[in-house]
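Everything on this sheet refers to the single structure shown next.
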Ligand SMILES: *Cc1c(COP(=O)(O)O)cnc(C)c1O
């Protein structure tokens with residue numbers, strides 16, 4: 001069952017209500033973060049909390065002590081969740097603009113947290129890979145994890161062929177709708193630098209693990225032209241972990257099948273989970 005913490009109470013998510021006066025509803029003012037819970041322990045909790053705080057600060061939401069309180073809420077939710085299996089649940093933390101707009105500052109935000117079953121892709125998806133739809137636009141305020149995915153969702157609306165859109169402003173590849181993007185060529189892994197993209201927690205961990213395991217990682221935006229010559233492409237995110245990409249628009253990647261680097265990094269990632277699990 002999906003559980004929600006809101007205003008000091010724990011209830012079923014379907015019983016929780018947000019006021020229609022909240023600016024997240026009226027103007028899309030809100031930020032969030034998703035944290036995977038493996039065996040009742042949150043994954044990379046501090047990294048996610050720091051990002052949530054940064055996201056709020058960038059969009060003008062004044063958090064007060066919300067972040068501090070969120071630590072306790074996540075740990076309590078991880079204990080209460082009834083999907084305790086390996087990576088089976090996910091915490092979604094939201095901070096919304098609240099009812100007050102002081103010239104683009106939001107001094108009285110609301111917050112809530114949903115604990116629900118994680119729905120990772122079936123193993124078959126990792127064996128066949130996914131396709132991305134390139135768009136020449138960039139993401140608005142790329143450094144903040146805002147709730148506003150509308151523009152990105154519109155890009156691939158109605159298509160079951162493409163998993164997500166791929167932002168390629170000026171021919172430079174940044175990230176996808178909700179994942180970090182990696183291109184591999186001759187053993188070098190390239191991914192967009194911080195500042196151009198969201199500071200993906202999985203991105204940071206994969207870069208660290210790749211370097212520890214002897215891969216060279218180049219933090220610059222790959223270009224759209226490089227897709228033709230790429231050996232491999234993959235995307236990362238808290239639920240996806242490391243997901244292979246076999247096609248971008250009409251361009252097949254490598255030999256059109258998932259490659260060995262994505263598989264190897266996913267295996268290393270899974271074997272290293274414990275390093276980032278909450279000990280609190
Ligand atoms: C959530 C998200 C990611 C992935 O972040 P993780 O912390 O790895 O889950 C990457 N890019 C965008 C735009 C996102 O919204």
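The values are calculated or read from the model by the stated rules, or taken from the named source; none is laboratory data. These numbers were taken from a predicted model, which means no experiment stands behind them. Note that each Cβ is placed from the backbone with ideal geometry, even for glycine, and that neighbours are counted across all protein chains shown.
Sort out which residues of the stretch 146-169 are out of contact with any helix residue (DSSP H, G or I) (no Cβ under 8 Å at 6 or more places or on another chain) and either in contact (Cβ under 8 Å) with a residue 24 or more places away in the chain or within 9 Å of the ligand (Cβ to nearest atom) (or both), and write them in order of number.
Our first condition is that a residue be out of contact with any helix residue (DSSP H, G or I) (no Cβ under 8 Å at 6 or more places or on another chain); within the stretch 146-169, this holds for 148-163, 166, 168-169.
Within the stretch 146-169, 148, 149, 150, 152, 153, 159, 161, 162, 163, 166, 168, 169 qualify.
Please find, among 232, 172, 226, 216, the residue that is away from the ligand (no atom under 11 Å from the Cβ), touching a strand residue (DSSP E or B) at 6+ places or on another chain (Cβ under 8 Å) and without any contact (Cβ under 8 Å) to a residue 40 or more places away in the chain. Explain how you work it out, then say what you get.
Values: 232 fails: without any contact (Cβ under 8 Å) to a residue 40 or more places away in the chain; 172 fails: without any contact (Cβ under 8 Å) to a residue 40 or more places away in the chain; 226 fails: without any contact (Cβ under 8 Å) to a residue 40 or more places away in the chain.
After ruling out the rest, the residue left standing is 216.
In summary, residue 110 fulfils each of the numbered conditions (1) within 30 Å of residue 9 (Cα to Cα); (2) within 15 Å of the ligand (Cβ to nearest atom); (3) modelled with pLDDT of 95 or more with the single exception of condition (2).
What about residue 179, is it in contact with a strand residue (DSSP E or B) (Cβ under 9 Å, 6 or more places away or on another chain) and at pLDDT below 95?
Working: in contact with a strand residue (DSSP E or B) (Cβ under 9 Å, 6 or more places away or on another chain): yes; at pLDDT below 95: no.
Judged against the criteria, residue 179 is not a match.
Taking the stretch 146-172 as the range and being assigned to a loop (DSSP other than H, G, I, E, B) and either outside the structural domain of residue 217 (by TED's automatic domain parsing) or more than 19 Å from residue 24 (Cβ to Cβ) (or both) as the test, the residues that pass are 156, 157, 158, 159, 160, 161, 162, 163, 168.
Would you tally the residues in the stretch 25-62 being away from the ligand (no atom under 16 Å from the Cβ) and farther than 25 Å from residue 279 by Cα?
Residues flagged as away from the ligand (no atom under 16 Å from the Cβ) and farther than 25 Å from residue 279 by Cα within the stretch 25-62 amount to 8.
Taking the options 92, 51, 11, 17, name whichever one is surrounded by 15 or more Cβ atoms within 10 Å (Cβ to Cβ) and not in a helix (DSSP H, G or I). Talk me through it step by step, then tell me what you get.
Numbers: 51 fails: not in a helix (DSSP H, G or I); 11 fails: surrounded by 15 or more Cβ atoms within 10 Å (Cβ to Cβ); 17 fails: surrounded by 15 or more Cβ atoms within 10 Å (Cβ to Cβ).
Criteria check complete, one pass: 92.
Against the numbered list (1) crowded, with 19+ Cβ neighbours inside 10 Å; (2) out of contact with any strand residue (DSSP E or B) (no Cβ under 7 Å at 6 or more places or on another chain); (3) more than 30 Å from residue 263 (Cα to Cα), residue 77 comes up short only at (2). Set side by side, the residues 125, 188, 143 differ, and just one is surrounded by fewer than 23 Cβ atoms within 10 Å (Cβ to Cβ), within 29 Å of residue 25 (Cβ to Cβ) and either within 12 Å of the ligand (Cβ to nearest atom) or at pLDDT 95 or above (or both), which is 143. When the stretch 80-107 is filtered for residues that are touching a strand residue (DSSP E or B) at 6+ places or on another chain (Cβ under 7 Å) and over 19 Å from residue 13 (Cβ atoms), the ones remaining, listed by number, are 86, 87, 97, 98, 100, 106.
In the stretch 191-211, what residues are more than 15 Å from the ligand (Cβ to nearest atom) and either within 26 Å of residue 127 (Cβ to Cβ) or touching a residue at least 12 places away in the same chain (Cβ under 8 Å) (or both)?
Narrowing the stretch 191-211 to residues more than 15 Å from the ligand (Cβ to nearest atom): 211.
Correct list: empty.
Quick grid of which residues meet (1) closer than 17 Å to residue 147 by Cα; (2) in the same structural domain as residue 113 (by TED's automatic domain parsing); (3) free of Cβ contacts under 8 Å to residues at least 24 places away in the same chain:
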{"position": "14", "(1), (2), (3)": "no, yes, yes"}
{"position": "22", "(1), (2), (3)": "yes, yes, no"}
{"position": "31", "(1), (2), (3)": "yes, yes, no"}
{"position": "44", "(1), (2), (3)": "no, yes, no"}
{"position": "51", "(1), (2), (3)": "yes, yes, no"}
{"position": "62", "(1), (2), (3)": "yes, yes, no"}
